[in-house]
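Visitor: Pasting a structure below so you can have a look.
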Amino acid sequence: MPVEFVLSLVIFGILFFLIWKFVTPKFEATFAERTEAIEGGIAAAESKQAEADAKLAELEKQLADARHEAARIREEAREQGAAIVAEMREQAQAESARILDHGKAQIEAERQQAVTSLRAEVGTLATGLAGRIVGESLEDDERQARVVERFLADLEASEAAAKDA
C-alpha cells in the first residue's frame, strides 16, 4: 500500500506540474481575454447607452421645441382668425352704415322732391281757389307768387303751432 500511495503521489505531482505549467497559463490567458472582451463589451455598451441617452435627450428637446412651435402657431392662427373676424365685422358694420346713410339720403331726396312737387301743385290749386273766392284773376305771375308764398307761410305757421301744442 505504501507503494501505491507513493506512486499515486508521484503521478499526482506530475499531473499537478503539467497542469500548472501548461494548462493554467492557457486557462489564465483565455480567462484574461474573455475578461477583456467582456469589459470591452461593457464599455462599448455603456458608450452606446450614453450615446442613446444623449440622442434621446436631443429628440425630447426637439419634440418639446416642436410642441412649443405648434402651440405658438396655433395661438398666432387663433389671433389672426380673431383679427379677421373683427375686420370682417367692422367692414360689415361700415357697409351697413353706408347703406343706411344712402337709404336715408335717398329718402330725404325723395321727400324734398315730393315737397317741391306738392308745393307747386298746392300753389296752383290755391291760386285757382283763391281766384274763385276773391273773384279776381290771379293770372299775373307776380301776384300769384305772392298769394302762394303767403298761403305756404300760413300753412307752415299752422303746422309749427300744431307741433308746439
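A short reminder: the numbers here are calculations on the coordinates, not readings from a lab. Please read these numbers as outputs of a predicted model, since none were measured by experiment. Glycine gets a Cβ as well: all are built from the backbone with ideal geometry, and neighbour counts include every protein chain shown.
Visitor: May I ask you to list the aspartates and glutamates whose Cα is less than 20 Å away from that of K21, ignoring any residue fewer than eight positions away on the same chain?
Guide: E33
Visitor: Also, I was wondering about something else. Straight-line reach only, C-alpha to C-alpha below 24 angstrom: list the lysines that K61 could link to, leaving out same-chain residues fewer than 8 apart.
Guide: The reachable lysines, counting only those whose Cα sits under 24 Å from K61, are K48.
Visitor: Let me ask something else about it. Take F22 and A162, extend 7 Å from each Cα along the Cα→Cβ direction, and tell me the distance between the two endpoints in nm.
Guide: Calculated label separation equals 14.6 nm.
Visitor: Which stretch or stretches of segment 37-81 have amide N atoms under 11 Å from the point lying 7 Å from E87's Cα along the Cα→Cβ direction?
Guide: 80-81
Visitor: So, one more: Quick check: residue separation of F31 and F5 times 0.36 nm, minus the Cα distance between them. What number comes out in nm?
Guide: 5.9 nm
Visitor: Of G123, G40, A86, whose Cα points farthest to the positive end of the dipole of the chain (charges on the beta-carbon: +1 Lys, Arg; -1 Asp, Glu; origin at the Cα centre)?
Guide: G40
Visitor: Here's something else I'd like to know. Here are labelled values, (i) 244; (ii) 125; (iii) 171, and one is the computed volume of the Cα convex hull per residue in Å³ for what I pasted. Which one?
Guide: (i)
Visitor: Size of the dipole of the chain about the Cα centre, Lys and Arg at +1 and Asp and Glu at -1 on the beta carbon, nothing else charged, in debye to 20?
Guide: The dipole of the chain has a size of about 820 debye.
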